[in-house]
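Read-outs throughout are calculated quantities, based only on the coordinates presented, and are distinct from any laboratory measurement. Keep in mind that what you see is a predicted model, and the values were worked out from it rather than measured. Note that each Cβ is placed from the backbone with ideal geometry, even for glycine, and that neighbours are counted across all protein chains shown.
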């Protein structure tokens with residue numbers, strides 16, 4: 001359950017952004033939402049993928065008074081030996 005504590009940002013699954021969970025922008029606000037794909041070599045890293053299977057690095061919301069970013073960092077993996 002989400003409580004309306006400040007600061008608080010609501011998200012929605014956006015079909016225009018290939019079904020990524022993106023921050024909602026207040027109606028009437030001039031804003032641009034940008035998805036940045038990973039530019040580096042992935043190799044065996046576990047990265048966040050969009051609905052097309054493209055690796056996503058971040059989602060940036062740019063407004064006149066600033067910007068917000070969601071960053072999807074790769075997940076480290078390892079193997080243990082008993």
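Quick notes on this one:
- Per-region count, segment 64-81, residues surrounded by 14 or more Cβ atoms within 10 Å (Cβ to Cβ) and assigned to a strand (DSSP E or B): 2
- Residue list for segment 13-41, restricted to those being more than 15 Å from residue 71 (Cβ to Cβ) and free of Cβ contacts under 8 Å to residues at least 24 places away in the same chain: 13, 14, 15, 16, 24, 26, 27, 28, 41
- Annotation: of all residues in segment 45-62 being within 14 Å of residue 73 (Cα to Cα) and more than 13 Å from the chain's Cα centre (by Cα), the one that is surrounded by the fewest Cβ atoms within 10 Å (Cβ to Cβ) is 46.
- Scan of segment 33-51 for residues that are outside any loop (DSSP other than H, G, I, E, B), closer than 21 Å to residue 16 by Cα and out of contact with any helix residue (DSSP H, G or I) (no Cβ under 6 Å at 6 or more places or on another chain), ordered by number: 33, 34, 36, 37, 49
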